[in-house]
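The values are calculated or read from the model by the stated rules, or taken from the named source; none is laboratory data. Everything numeric here is computed off the predicted structure, so don't read it as measured data. Note that each Cβ is placed from the backbone with ideal geometry, even for glycine, and that neighbours are counted across all protein chains shown. Note: accessible area is taken over every heavy atom of the protein model, side chains too, but ligands, DNA and RNA are not part of it. Shrake-Rupley method; radii C 1.70, N 1.55, O 1.52, S 1.80 Å.
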Amino acid sequence: QVQLVESGGGLVQAGGSLRLSCAASGRIVSSYDMGWFRQAPGKEREFVAAISWSEGFTDYADSMKGRFTISRDNAKNMVYLQMNRLKPEDTAVYYCAVTEVPYSHDEYQYDYWGQGTQVTVSS
């Protein structure tokens, strides 16, 4: 079992930045990938970014490249999502998740999820 707790969401103006954090606990295996997803009102949950727990290899949805950066701190069991140049369309609940499938963008291949943190970007 892995427990995930997200934090760092909030209200920000367009063009601003936020850093989301995900605290992981429990049985964290080095082969895991840690991912971020988001779900806007009335829309399906979509992949944002992922990072391999051991090597730190990163993967991004095309629309996030250049604005979002995923990172991790293995010593603290933390995963971060730095979001810059935020847009109103980035408004969503952001979720941290864990998968054993490398480079997966498929939410159904993620086994553990946090409760989510709300990000609201005003225009």
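Before moving on, here are some points about what is shown:
- Dipole of the stretch 1-74, positive end: most advanced residue of 12, 30, 60 [Cβ charges, Cα centre]: 12
- Amide hydrogen neighbours beyond the local backbone of residue 49, cut-off 5 Å, H modeled: 36, 61
- Point-charge dipole on Cβ atoms (K/R +1, D/E -1) for the chain, about Cα centre, debye to 20: 460
- Per principal axis, descending, Cα span of the stretch 41-81 in whole Å: 37, 20, 14
- A DSSP coil position with no more than 13 other Cβ atoms inside 10 Å describes the following GluC sites (Glu not before Pro) in the stretch 1-109: 44, 55, 100.
- Sorted from greatest to least, the principal axis extents spanned by the alpha carbons of the chain come out as 41, 27, 25 Å.
- Karplus-derived 3J(HN,Hα), 6.51/-1.76/1.60, for each residue of the stretch 67-84, Hz, glycine and proline x: 10, 10, 9, 9, 8, 9, 10, 4, 5, 9, 6, 10, 10, 10, 9, 8, 10, 10
- In this structure the amide hydrogen of residue 116, modeled in the peptide plane, comes within under 5 Å of the amide hydrogens of 6, 96, none closer than 5 places in sequence on its chain.
- Spin-label model, residue 85/residue 63: points 7 Å from Cα along the beta carbon direction are separated by 1.6 nm.
- Given a 1.4 Å probe and the protein chains as shown, residue 103 ends up with an accessible area of around 120 Å².
- Taking amide H atoms as placed 1.01 Å from N in the peptide plane, the amide H of residue 91 lies under 5 Å from those of 121, each 5 or more residues away in sequence or on another chain.
- Accessible surface, per residue, of the chain when the full set of protein chains is kept, probe 1.4 Å, Å²: 50
- Spin-label model, residue 3 to residue 78: label points 7 Å out along the Cα-to-beta-carbon direction sit 1.8 nm apart.
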